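Presented below is the structure to which this report refers.
The values are calculated or read from the model by the stated rules, or taken from the named source; none is laboratory data. Just so we're clear, the structure is a prediction, and the values are computed from it rather than from any experiment. We place every Cβ from the backbone using ideal geometry, glycine too, and count neighbours over all the protein chains shown. All accessible areas refer to the heavy atoms of the entire protein, side chains included, with ligands and DNA or RNA removed. Shrake-Rupley method; radii C 1.70, N 1.55, O 1.52, S 1.80 Å.
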Amino acid sequence: MQKKNKIAAPTVITCHVNADFDALSSMIAASKLYPDSVLIFPGSQEKNLKNFFIQSATYLYNFKSFKEIDPDTVHLLVVVDTRQKSRVKHLDPLLERDDLRIHLYDHHPDSDEDLHGELEVVRPWGSTIAILAQKLMEHKIQLTEDEATIMGLGVYEDTGCFTFKSTTSKDLCAASWLLSQGMDLNVVSDMINRDLNAEQISILNSMLESATTHKIKGIDVVVTEISLEHYVGDFALLAHKLLDMENIRVLFALGRMQDRVHLVARSRTADVDVGKICASMGGGGHSFAASANLKHKTLTQVKDELFGLLYSQINPQILVADLMSKPAVVIEEKKNIVQASEIMTRFGLKAIPVIKEDGQECVGILEHQLADKAIGHGLGKIPIKEYMITDIATLEPSEDIYRVMEIIIGQRQRLIPIVENGKITAVVTRTDLINNLIKEPARIPESLLPEKKRERNIKRILQERLPADIFSVLQAAGYQAREMGFQVYCVGGFVRDILLDRNNLDVDLVVEGDGIEFARALAHKLNARVREHQKFRTAVIIREDGQKIDVATARLEYYEHPAALPTVELSSIKMDLYRRDFSVNALAVHLNPEHLGKVVDFFGGQRDLKEKVIRVLHSLSFVEDPTRIIRAIRFEQRFGFRIGAQTEKLIKNAMELNIFHQLSGSRIFHELKMIFEEDNPLPCISRMDNFGLLRNVHALLKLTPKVKNILVETEKVINWFQLLYLDEELEKWTLYLLGLLSSINDTQANIILNRFNFSKKRSTFFFSLRSQIRYALNDLYAWNKKQDKLSSLYFILQPLPLEGQLFLMAKVQQEDLRKCISYYITQLRVIQPQLTGKDLKRLGLEPGPEFGRILQELKAAQIDGLSCDRQSQIDWVKKKYLHRNRVGKA
């Protein structure tokens, strides 16, 4: 018999205490599988969830408290997101019954206190909602947009927006399905990415201040504690914030709130299973994320219990001392590269630590491969310090293997010098680490695996940021490659700019296979034509709308001597990317259908984009191709990046070698021209001057204060002109070259243009323009002094091309003259007389050279306001020319 004022609830759905979004969303999903069920929400929940719950869930769904139902009417209990009996204590009266049927849905590991039921759906996925979403899909149950959004919150929160190690493809499939059901990503983003409020910031600061590090069996374990008189929502969020802020590997956060201690545990190492530790304390979770609530215990009691478990359950850590090779073979920085290569060959080393002359401090590492390459370029007698890697990490013997993995696997440092009392005593090599990991591969954190770091899928970003026709071309390329048994990638600046969210539609494709054969096949599908370059195995596909797609065969370039043009050999995508200038340009995106959107990053390009660093791929990069120095400066200034310390040092080394003298002038000017065409080239030019690059190109190139001022004014004028939005081409490089050479005479300028390999035609044009500008400047000052007619200004400026007019505007000092030139560019130069040659002929004038003079006079009269309309110009011609002709005939 149903109890009075109690709700009959044949089927009850519930979750664990301190419910999160995964628990809430799983309850709602379960209610779709169990119609007419009653949802029982446990006593407490995270504060952010509480806000959402009050505003939405209680309004939309049939949530009740356990006190509101009649326990005797319950026949089926559905528990989601846990199986641990201690986490559903609000159901103790029900669990005592033998006739109760139980269904369980959970994604947590097994524990000793797990409930058992007639149905147990347990999967090691990243979220419980993913398990239930699969069931909903199997039953073809449709959701409302609100339901899909709430369930989406569960997936995103429990997988850390798909960044946690526990995330599986099933979680991604669940999110995809929820999106198709109307999940609102804006709501999910607002709820998941929350800013901390003032109280939370204060608590986080207290947690930070109380954090202490304990080394337990070689592992750093951070424990922080806080006491509060009231319950604090989002304690788990604050613990995770602390973990990220301080880059902590193992964290236990203890919070005393009212009558209980809340424990939140996080681990980023396989050596500490926080799920097992929390389970021993009455809680539960995963090996990397877990929690527990301990009632009627003090913080001291909880800490004592925690440390007992830590010392008993943590695996002993391998230390650097267990891995390192002694003694260390080293070389002094004053030695040359040949000497270093000989030592490495003698001892069979792939790299060698470099020390100061006093034999103490480690200052860098030199790799054998680099040394041999430098010797091949004739640089063997150069001191080691010029080309060694200086940005290196060192360790002490007492540090653990995780740091070794971070440096060798994560930072790709081939060898780690081991330092004791400031002196190198040993090394750990890549081989030392590999030999250890072969025995225990599970020790490698997933975040450090090269495959994990290298691959990221940006298919959605491509779809969102590229025009539909460009994306369809990429898809077509992928299908074509698969059909031919090739692999195809888009590469270089195209990929870089997509990741930076900058506009760039210059598609560059690289094919592992025959690039020309591939280009022909793809062009056929696109109804386009192909221009081939057999020597370099490249091609350009030209579509009907004029769009060009560059196609290259994956290739390796090597340089026979410094500053030479590259020799090309067929290669893989990795070697193709290695030949490129900087890490941020050595990125690729796979286009084959089964891998579409997968980022290929062998050299840390994504990291450098994030850290805004321009970094070369190897130490001889600038020796092999000095024009990369100019490109490094151009990219640094364009993107607001910085040139890395090691890369900057290599630039200075190249300057000391005077390698630019071996470059052809055409290649140098091509790079300069690219800089002149940048939106803001002046910082680039200044940076070049700071490196001594201008005088390295030619001693006559100097960025004097006067030249710099002209370039500043030139940039202002160009910006002004571009704001007019006129449909008119402007050769910006011409103006900047005029400015750069403005303080030297024609003889000196001719020497520089010869250095740039200017053709006779281009040189003649440039000097003619310089001469025209000089004469026009003198005439302009004279016109201003005389306060002459406006038409005179027109005829001073009209012979100059647009570039000459704008440079003249930058060069004049008086503001009133600049206004006059700007008036000419915006108004006067487009003025045409109201009459044409046909009109003059109809008026009875004989065609001939005099027509040109008459039309010029008409234009001048119109500019000066003397004859502005058609009739007045007809009258003017009749009076001045027809009357004179009649008088002459008489």
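Against the chain, whose longest principal axis is taken from its Cα atoms, helix 198-210 shows a tilt of about 70°.
Averaged over its residues, the chain has an accessible area of 47 Å² per residue, based on protein heavy atoms and a 1.4 Å probe. Here the calculated FRET efficiency for THR704 and LYS880, from their Cβ-Cβ distance with R0 = 35 Å, stands at 0.10, rounded to the nearest 0.05. Multiplying the residue separation of SER176 and VAL232 by 0.36 nm and subtracting their alpha-carbon distance yields 16.8 nm. Helical content alone sets the calculated 222 nm signal of the chain at -13000 deg cm²/dmol, taking -39,500 (n - 2.57) per DSSP H segment of four or more residues and averaging over every residue.
Approximating the spin labels as points 7 Å out from Cα along Cα→Cβ, the ASN186-to-GLN463 distance works out to 2.0 nm. Shown is the FRET efficiency for ASP322 and THR298, computed with R0 = 41 Å from the Cβ-Cβ distance and rounded to the nearest 0.05: 0.55.
Label-to-label distance, GLU728 versus ASN750, with points set 7 angstrom from Cα along the beta-carbon direction: 3.2 nm. Measuring between their Cα centroids, segment 642-683 and segment 365-423 lie 27 Å from each other.
Computed packing ranks the peptides 845-857, 289-301 as 289-301, 845-857, most packed first, by mean other Cβ atoms within 10 Å. FRET efficiency for the SER210 to SER86 pair, using the beta carbon distance and R₀ = 25 Å, is estimated at 0.35. Amide H contacts under 5 Å for VAL38: THR11, VAL12, ILE13, restricted to partners 5 or more places along the chain or on a different chain, H placed in the peptide plane at 1.01 Å from N. Peptide packing: for 68-79, 20-31, the average count of neighbouring Cβ atoms within 10 Å per residue gives the ranking 20-31, 68-79, highest mean first. Protein heavy-atom surface of the chain, 1.4 angstrom probe: 49% of the accessible area is carbon and sulfur, with nucleic acids and ligands not counted. Sorted from greatest to least, the principal axis extents spanned by the alpha carbons of the chain come out as 135, 79, 58 Å. As a size descriptor, the averaged projected area of the C-alpha convex hull of segment 810-867 was calculated at 5.2 nm². Principal axis extents of the Cα atoms in segment 487-539, from largest to smallest and rounded to whole angstrom, are 32, 23, 19. Using the average count of surrounding beta-carbon atoms within 10 Å as a protection proxy, the listed peptides 269-278, 135-144 rank, highest first, as 269-278, 135-144. Inverting the pair-averaged 1/r between distinct Cα atoms of segment 672-816 gives 16.2 Å as its Kirkwood hydrodynamic radius. Against the empirical curve 2.2 N^0.38 Å, the C-alpha radius of gyration of segment 603-694 lands at a ratio of 1.03.
According to the calculation over all Cα-Cα pairs in segment 109-218, the P(r) per 10 Å bin from zero is 12, 31, 27, 21, 8, 1 %.
Think of the chain as a dipole: +1 on every Lys or Arg Cβ, -1 on every Asp or Glu Cβ, centred on the Cα centre; then among VAL613, VAL707, ILE226, VAL707 lies furthest on the positive end.
Measure up LYS716/LYS859; LYS85/LYS276; LYS649/LYS708; LYS612/LYS702 against 20 Å on the Cα-Cα distance and list the ones that go over. Among LYS716/LYS859; LYS85/LYS276; LYS649/LYS708; LYS612/LYS702, the Cα-Cα distance tops 20 Å for LYS716/LYS859; LYS649/LYS708; LYS612/LYS702.
Please report how far the C-alpha centroid of segment 145-210 lies from that of segment 761-799, rounded to the nearest whole angstrom. Computed from Cα coordinates, the inter-centre distance equals 67 Å.
One chain, two ends: GLN871 and ASN435. Fully extended at 0.36 nm per residue, the span grows by 147.2 nm beyond their Cα-Cα distance. If you look at the Cα atoms of segment 286-328, you get an Rg and a Dmax of 17.4, 56 Å.
The mean of 1/r over all distinct Cα pairs in segment 350-404, once inverted, gives the Kirkwood hydrodynamic radius of 12.7 Å. Across the chain, Cα pairs under 8 Å and at least six residues apart give a relative contact order of 5 percent. For the pair GLU96 and LYS673, label points projected 7 Å from Cα toward Cβ lie 9.1 nm apart. A dipole drawn for the chain from +1 and -1 charges on Cβ atoms has a positive end, and of ILE629, PHE471, LEU309 the residue lying farthest that way is ILE629. Of the GluC sites (Glu not before Pro) found in segment 199-238, those that fall in a DSSP loop while having at most 16 other beta-carbon atoms within 10 Å are GLU229.
In this Cβ point-charge picture (+1 for Lys and Arg, -1 for Asp and Glu), the chain has a dipole of about 4340 debye about its Cα centre. Quick check on segment 119-170: take the gyration tensor over C-alpha atoms, sort the square-rooted eigenvalues as a ≥ b ≥ c, and tell me if it's rounded (a/c under 1.5), prolate or oblate. Here segment 119-170 falls in the oblate category. Extension gain, PHE795 to TYR34, is 265.1 nm, computed as 0.36 nm per intervening residue step minus the present C-alpha separation. Compared with the dominant Cα axis of the chain, that is its longest principal axis, helix 337-347 is turned about 30°. The smallest convex shape that holds all Cα atoms of segment 750-890, its convex hull, gives 152 Å³ per residue.
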